[in-house]
Every structure is written in C-alpha cells, then in structure tokens.
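Here's the structure we're looking at; comments come further down.
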Protein chains: 2
Amino acid sequence: MARDGTPTGAPTTLELLWGTAERPSRGPKPRLSVDKVVQAAIGVADAEGLDAVSMQRVAQELGYTTMSLYRYVSSKEQLVELMVDTAIGSAPEVEGVPGGWRAGIHILAREMVAVFRRHPWLLRHKLEGPPQGPCSLSWLEQGLRAFSTSGLGSAEMVQAFMFLDGAVRELARVLGDVEQAQRRAGLTADQAERDYGRFLRGIPADRYPALAAVAADGAFEAADPADRPEVEVEIEFGIERLLDGIEAYVAAQRAARE
Amino acid sequence: MARDGTPTGAPTTLELLWGTAERPSRGPKPRLSVDKVVQAAIGVADAEGLDAVSMQRVAQELGYTTMSLYRYVSSKEQLVELMVDTAIGSAPEVEGVPGGWRAGIHILAREMVAVFRRHPWLLRHKLEGPPQGPCSLSWLEQGLRAFSTSGLGSAEMVQAFMFLDGAVRELARVLGDVEQAQRRAGLTADQAERDYGRFLRGIPADRYPALAAVAADGAFEAADPADRPEVEVEIEFGIERLLDGIEAYVAAQRAARE
DNA sequence: TAGATCTGTGTATTACTTACACTAAATAGT
DNA sequence: ACTATTTAGTGTAAGTAATACACAGATCTA
C-alpha cells in the first residue's frame with residue numbers, strides 16, 4: 001500500500017493537534033518530532049515574525065533539510081495551524097475564581113492579551129473555521145465555565161464568548177499595530193506625535209466631521225506611554241459594557257418569568 | 001532623475017487610496033488605471049477567492065502582461081490593501097435614522113455582514129494597522145455619528161466602535177466558515193448533521209465538560225437553514241447586550257453627575 | 001522638431017512549496 | 001541470525017510566485 005512516497009496515511013491536522021497519531025513500530029526511529037518542528041517554527045516567528053517562517057528556515061534552525069520536515073507536517077499551512085494552537089496555549093482556569101463570572105471573563109481577556117503580546121504574529125494570521133485545536137478549545141471551555149454561572153442559555157453563552165473573543169482579538173491587533181508603528185517612527189514615543197492621531201487630523205473634515213471632531217478631542221492620543229498595559233485598558237471598556245448588558249439581560253429575563 | 005525603472009516616485013498606498021496622485025503631463029497616457037487593476041483583482045477574488053489573485057492572473061484578466069501592473073501598483077501587498085478598502089465600500093448613512101443611535105449601529109452591523117457576504121475573501125485577509133482608507137474610515141465615521149447621540153465620550157465612542165467592529169468581523173468569519181463547510185459536506189444542509197456540533201461531541205468530555213454540556217444542549221446546531229440571515233441573528237445577541245450596557249453606563253454616569 | 005519622460009513589455013532572478021525517487025536504518029517474523 | 005518490510009531523511013527537480021531591471025515605443029513640452 002505504502003509503496004509510493006506517501007508516509008502511510010498522512011496524519012490530518014486534527015490528528016496531529018489531538019496527538020492521535022499511533023507511532024508505527026517499524027522503521028528507523030524519528031529523530032525529530034512534530035512538536036520539535038512546531039516549537040522551532042514558533043521560535044522563528046517570535047523572533048522575526050510570521051513572514052520569516054519558511055520550511056527552509058525552520059529546517060535550518062533544526063539542522064535538517066527542508067524536505068525532512070514534510071515527514072512530520074504535510075504542508076506549511078498545516079504547520080502554521082499547529083503553531084497557532086500551540087502558541088495560544090491553555091486558557092487559565094476560571095472556575096471558582098473570586099469575583100464570580102465577571103472576574104473569570106476578565107482574567108481570560110487579560111491573559112489572552114498577554115499571549116498576543118508574547119506572540120504578536122498570532123494576530124497576523126487569519127484563523128479558519130471555528131476553534132478546533134485542544135488549546136483553542138480550552139479557551140472556549142473556560143469561557144463557558146465562566147459564563148455558566150451568569151444565567152445565560154447555552155447558545156447565548158457561545159455567542160457571547162465568540163463576540164468577546166472577536167472583539168478582543170481585533171482590538172489587540174489594532175492597538176498592537178499602532179503601538180509598534182509608534183515605536184518604529186519616533187523611538188521616543190513622546191516626541192513623535194501619536195502617528196494615527198496626526199494622520200486623522202489630516203483628513204478632510206467635511207467628509208468626516210464626526211471623525212475630525214473626535215480626533216480634535218484627542219481621543220486617539222489617549223494612549224499614554226506611562227500606562228504600560230494600555231492595550232488592556234482600552235479593551236476593558238467594551239468588556240465592561242458587554243458584561244453589564246449581559247447582567248441586565250439575565251435580570252430582565254428572570255423578572256419576566258415571574 | 002527617473003533614469004532607472006522607478007516610476008518617478010512610486011505613489012504610496014495612502015496616496016493611491018486617497019487619489020492624491022498627480023498625473024504627470026509627459027509621456028503616453030496610461031491605458032490602464034489603478035482602479036481598473038483593483039476592480040479586476042476584486043473580480044477574481046469574488047469568483048475564486050483571494051488565493052486565486054496573483055499578479056499574473058489579474059494581468060491576464062485585463063489582457064496585459066504581469067509586469068505592466070507594477071506601473072500602477074508597487075506590490076501585490078499594496079494591491080490587496082487597495083482591494084480591501086475598495087470592496088468594503090462606503091458605509092451607509094446613519095445620521096438621523098429613525099430609531100435613534102441604536103438603530104444606526106444595527107444598520108451598520110447588518111450592512112457590514114452583507115458586505116462580507118458579497119466579498120467573503122475580505123474576512124480571509126488580515127488587516128494591518130487601524131483603518132486608513134477612505135472607505136474603511138467611512139465606517140468609523142458613521143459609527144461615530146451613530147454613537148454621537150448616545151452620550152458616550154469621544155474616546156469611549158472609538159473604543160466601543162472598534163470593539164463592535166472586531167466582534168462582528170470575527171463572528172461573521174466563523175459563522176461564514178461553518179456555513180461554507182456545511183455546504184461543502186452535505187449539499188443538503190439538513191441530512192448532513194451540523195459538522196461542528198458533531199465534531200464537538202467527539203471531544204473528551206472530562207477535559208471539556210462545559211463545552212460538552214453546551215454541545216449536548218444543541219447550542220451548535222442552532223443554525224436553522226430556514227432562517228436565511230442566520231449570521232445576522234447570531235451576531236445580534238452580542239450587539240444588543242453591548243448596546244444595553246452602553247445605555248446603562250451613560251445613564252449611570254448621568255445619575256452620578258447630578 | 002528635439003528632448004525628455006513615461007507606458008508597457010521581455011527577460012531573468014529569487015524564493016518558496018512540493019512531488020518523487022532513492023538510501024539507509026530499524027523492526028518483525030521466520 | 002536472516003530476510004522482508006516499512007519508514008526516516010536526503011537530493012533533485014518542477015512548478016508557481018513576486019519582482020528587479022532594462023528596453024522600445026509613445027507622447028508631451030518647449
């Protein structure tokens with residue numbers, strides 16, 4: 001059956017993610033492993049960004065040839081999927097955390113931002129489909145655990161979590177990008193006027209009056225370099241409103257039922 | 001100065017986006033235009049996805065050679081940026097819409113989802129930095145116009161809008177992906193059991209109890225093929241909660257001030 | 001009309017993924 | 001121990017992509 005080059009039924013991405021790949025007992029022992037390959041790739045991405053990750057580069061990092069990696073991973077795309085689930089890591093436990101379900105959600109959001117800080121390239125990769133890897137799912141799992149005492153229904157919990165997840169991701173990305181651009185422009189973030197704010201002030205105020213007004217108000221220079229965890233702060237507002245809204249919704253439902 | 005191949009100071013992405021490119025008065029008139037190139041590329045992406053967009057493919061579509069495109073666009077990356085801002089189009093006007101600011105936000109969200117339905121590849125491209133193109137900014141502008149009567153402060157409006165925008169994008173992407181996967185699997189969406197739901201039921205319930213419980217509850221089969229605009233419905237929940245929360249926040253602030 | 005300058009093209013280079021075939025190693029069964 | 005079988009890692013080459021560079025012809029300005 002395996003007379004051709006095919007590695008005896010190439011493991012699918014899901015099998016690799018869940019470690020459902022039974023090692024064949026025949027043949028030479030592999031010197032590498034999927035995990036080593038993934039770790040090396042993550043190392044490259046952390047140091048030089050996702051664009052620097054090529055099969056050649058990863059192989060070189062490990063001291064192997066490009067082709068040998070394809071014994072562990074069936075394509076670069078698959079490698080990146082594995083990198084993403086590995087780098088995101090397991091979600092923190094939120095069950096029984098002091099402060100109730102709202103505190104749990106906050107912990108999740110903050111830890112998520114922290115992960116994105118550690119691996120900025122995670123935000124430069126578009127996910128495909130709903131979460132499927134063990135780690136990605138652990139975040140959903142913890143999100144549901146947190147929400148489980150909120151009074152929401154099953155479907156509502158899922159919707160709420162995905163809503164939150166999307167918002168945090170996108171906000172973290174934008175704020176991270178802006179921060180990085182600032183750091184690149186004027187190395188002293190002070191002297192270089194906030195880049196985006198300046199850009200917005202150059203925009204035709206007649207076509208974008210609301211934007212101009214808000215920019216003039218300084219809404220885009222808010223980011224104070226003294227406030228280290230600025231990203232978290234900016235995201236916090238939306239989270240608080242969302243959680244307030246959820247709380248009110250549950251209360252209203254309860255009231256209506258009685 | 002322009003003795004080399006350089007097109008006399010290649011226009012930056014921003015200049016192209018804002019049409020700030022003064023046509024030189026010397027030399028032959030260009031037969032193509034940036035807009036034609038972008039439109040052709042969007043056509044390819046709409047029909048066959050973003051991966052099908054290559055410089056060669058777009059050139060072929062226009063009946064030109066690959067290299068001629070580089071006279072209008074300085075890189076493929078730039079082309080994609082232009083595609084994105086063009087395809088997203090101008091946001092609908094929300095000022096003075098019946099139903100107040102909440103209605104305005106809903107209109108924006110719904111129209112955004114509609115755009116993503118028309119150009120699914122928009123959700124497969126990672127944005128870089130905050131919105132900068134005229135169309136992308138028009139969405140922010142309209143968002144701010146909507147929020148302007150909500151009672152939020154400048155910075156809060158921006159944060160709220162970006163939060164919402166991120167959530168809508170990510171939710172639309174996930175739901176779109178799932179929908180597409182279902183369509184691909186069983187062409188009659190009915191007979192093929194909801195794919196993701198089935199996948200989740202195969203997951204170790206001891207490590208993911210909350211997830212298992214929710215899946216067993218049928219939270220992932222909710223999507224009813226009869227309900228056409230299912231995506232919109234699933235997103236609506238989060239939006240409503242967020243807007244409720246914002247309303248409550250403003251009310252509380254007002255109360256505290258007096 | 002002369003000169004400058006721009007458009008579109010052709011060629012070549014580089015980088016990357018991947019198909020395929022080969023070797024060398026390790027095990028299983030005899 | 002011996003042999004067949006299976007698998008790990010390598011080498012080569014193909015195919016696709018982006019893009020650097022230079023040239024030919026077109027067209028405007030003076």
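Values as computed for the structure displayed
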quantity: Largest-first principal axis extents of the Cα set of the protein assembly as shown (Å); calculated: 73, 70, 51
quantity: Area accessible to solvent at B:ASP51, 1.4 Å probe radius, in Å²; calculated: 150 Å²
quantity: Heavy-atom accessible surface that A and B bury in contact, both chains counted, 1.4 Å, Å² to 100; calculated: 5600 Å²
quantity: Number of partner chain Cβ atoms within 10 Å, mean per residue of B:247-256; calculated: 2
quantity: Dipole of the range A:13-87, positive direction: furthest Cα of A:VAL80, A:GLY63, A:PRO28, with charges on the beta-carbon; calculated: A:PRO28
quantity: Whole-number accessible area per residue in Å² for the range A:13-87, which is evaluated in the context of all protein chains at 1.4 Å; calculated: 59 Å²
quantity: Euclidean distance of C-alpha centroids, the range B:118-140 and the range A:19-85, integer Å; calculated: 33 Å
quantity: Segment A:ALA256-A:LYS76, extension gain: residue separation times 0.36 nm, minus the distance between their alpha carbons; calculated: 59.5 nm
quantity: With every protein chain in place, the protein assembly as shown: carbon and sulfur % of accessible area (1.4 Å); calculated: 52 percent
quantity: 222 nm mean residue ellipticity, helices alone, for chain A (DSSP H n ≥ 4; -39,500 (n - 2.57); rounded to 500); calculated: -19000 deg cm²/dmol
quantity: Chain B: DSSP helices with Cα axial extent of at least 30 Å and average Kyte-Doolittle hydropathy no lower than 0.0; calculated: B:154-185, B:230-257
quantity: Per-peptide average of other Cβ atoms within 10 Å, ordering B:234-243, B:109-118 highest first; calculated: B:234-243, B:109-118
quantity: Theoretical FRET efficiency, 1/(1+(r/R0)^6), r = Cβ-Cβ of A:THR12 and B:ALA52, R0 35 Å, to 0.05; calculated: 0.90
quantity: Label distances, nm, B:GLU221 versus same residue in remaining copies, Cβ-directed 7 Å point; calculated: 5.8
quantity: Test item: B:98-104 mean partner chain Cβ contacts at 10 Å; calculated: 0
quantity: Ascending list, in nanometres, of distances separating the B:ARG117 label from those of the other copies (7 Å, Cα toward Cβ); calculated: 4.1
quantity: Calculated label separations, A:ALA52, copies of the chain, 7 Å along the beta-carbon direction, nm; calculated: 3.6
quantity: Within a Gaussian network of chain A (alpha carbon springs, distance under 10 Å), most fluctuating of A:PRO92, A:PRO209, A:PRO130; calculated: A:PRO209
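The values are calculated or read from the model by the stated rules, or taken from the named source; none is laboratory data. Please read these numbers as outputs of a predicted model, since none were measured by experiment. Don't worry about glycine lacking a Cβ; one is built from the backbone with ideal geometry, like all the others, and counts go over all protein chains shown. Remember, those area values only see protein heavy atoms, side chains included, never the ligands or the DNA or RNA. Shrake-Rupley method; radii C 1.70, N 1.55, O 1.52, S 1.80 Å.
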